[in-house]
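Below you'll find the structure, written out as structure tokens, and then a few comments.
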Amino acid sequence: MRPLGTLLVLASLVTGCAAGQHRPSGSASTRAGCDGAGTVVARADLDDDGGAETVRGCGGALVAEVGGATAVLDVGPQRLRPGPGQAVHLPGAADLVLVRSRATSAGLSQPHLYGLDGHRLVEVTVDGRPVLPAVSTTRVVAPVTATCTRDGGIAVVRGTASEPPGVVLAWDLTRTTYGVHAGVATRRAARVVRRSVADPVLRKERPDLFDGRLFAGCG
């Protein structure tokens with residue numbers, strides 16, 4: 001005869017297993033801790049069908065209902081900022097969603113772009129890394145901005161300190177264009193568009209390079 005304690009443990013396990021067998025698995029959004037709730041990050045036409053999908057942040061994931069299916073992407077390791085992100089409209093192509101990470105101890109925040117690959121939410125990367133550079137939240141390290149292009153791609157403009165250094169800080173500006181397909185950004189071209197522009201002059205001519213905005217006019 002088994003001891004009473006053993007019988008009680010076995011009974012508990014059987015009951016738990018039976019309950020697990022009959023418990024509905026739920027949708028992917030439920031498993032992600034969302035279940036139709038969560039924080040609205042953006043509304044974007046992810047599948048380029050003329051309608052807009054709601055992208056929510058919940059349970060360390062981004063969740064969107066696309067074409068009757070639930071797309072879920074684990075973004076916990078990216079430590080995204082809470083609250084809304086930004087829809088990025090690419091002319092003639094599916095929209096992307098921009099969300100920034102929380103600032104690190106060094107004051108750097110990483111912008112992340114997300115899009116759709118079939119029915120999967122994915123981060124847009126180039127060579128396996130985020131396509132946009134990290135930016136400082138405490139001081140301007142270098143001028144940078146990003147915008148959409150007429151052919152459905154994106155362009156990133158970055159400044160590097162001119163060499164040799166002069167009495168006044170000056171910048172060389174490089175514009176790199178990318179095509180975006182199924183979550184992968186492919187470099188199309190990179191060219192220097194300005195050389196040795198004095199910092200005060202560039203700030204006056206191109207304030208968008210210093211105000212932290214990305215994809216202005218691509219909403």
Next on the checklist: Just to compare against my own numbers: the Cα pair-distance distribution for segment 150-192, 10 Å bins, whole % per bin, please.
Outcome noted: 26, 38, 22, 12, 2
Checklist entry - Can you list the residues, at least 5 places off or on another chain, whose amide H is less than 5 Å from the amide H of residue 194, using H built in the peptide plane? => result 173
Checklist entry - More than 18 Å apart: what percent of Cα pairs in segment 60-127 qualify? => result 40
Next on the checklist: Compute, for segment 74-160, the length of the dipole vector about the Cα centre, with Cβ point charges of +1 (Lys, Arg) and -1 (Asp, Glu) only. Units Debye, rounded to 20.
Outcome noted: 400
Checklist outcome for this item: Length gained if residue 79 through residue 139 is fully extended, taking 0.36 nm per residue and subtracting the Cα-Cα distance, is 19.5 nm
Checklist entry - For segment 59-109, which trypsin sites (Lys or Arg not before Pro) are both in a DSSP coil and crowded by at most 15 other Cβ atoms within 10 Å? => result 79, 102
Item to check | Karplus-derived 3J(HN,Hα), 6.51/-1.76/1.60, for each residue of segment 161-178, Hz, glycine and proline x | outcome: 4, 5, 10, x, x, x, 5, 10, 4, 10, 10, 9, 10, 10, 10, 10, 9, 9
Checklist entry - When the chain is fully extended, how far beyond the present Cα-Cα distance does residue 127 get from residue 151, taking 0.36 nm per residue of separation? => result 6.5 nm
Next on the checklist: Show me the trypsin sites (Lys or Arg not before Pro) within segment 149-210 that DSSP assigns to loop and that have at most 13 other Cβ atoms within 10 Å of their Cβ.
Outcome noted: 150
Checklist entry - When you take every Cα atom in segment 92-219, what is the radius of gyration, and what is Dmax, the widest Cα pair distance, in Å? => result 15.4, 54
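What's the magnitude of the charge dipole for segment 27-209 around its Cα centre, counting Lys and Arg as +1 and Asp and Glu as -1 at the beta-carbon? Answer in Debye, nearest 20.
The calculation lands at about 800 debye.
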Next on the checklist: Can you find, among 116, 135, 197, the residue sitting farthest towards the positive end of the charge dipole of segment 27-209, where Lys and Arg contribute +1 and Asp and Glu -1 at Cβ?
Outcome noted: 197
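Any read-out appearing in this document is the output of simple, stated calculations on the displayed coordinates, not a laboratory observation. Every value quoted in this text rests on a predicted model; they were computed, and no experiment measured them. When we count neighbours, we look across all protein chains shown, and the Cβ atoms used for this are built from the backbone with ideal geometry, even at glycine.
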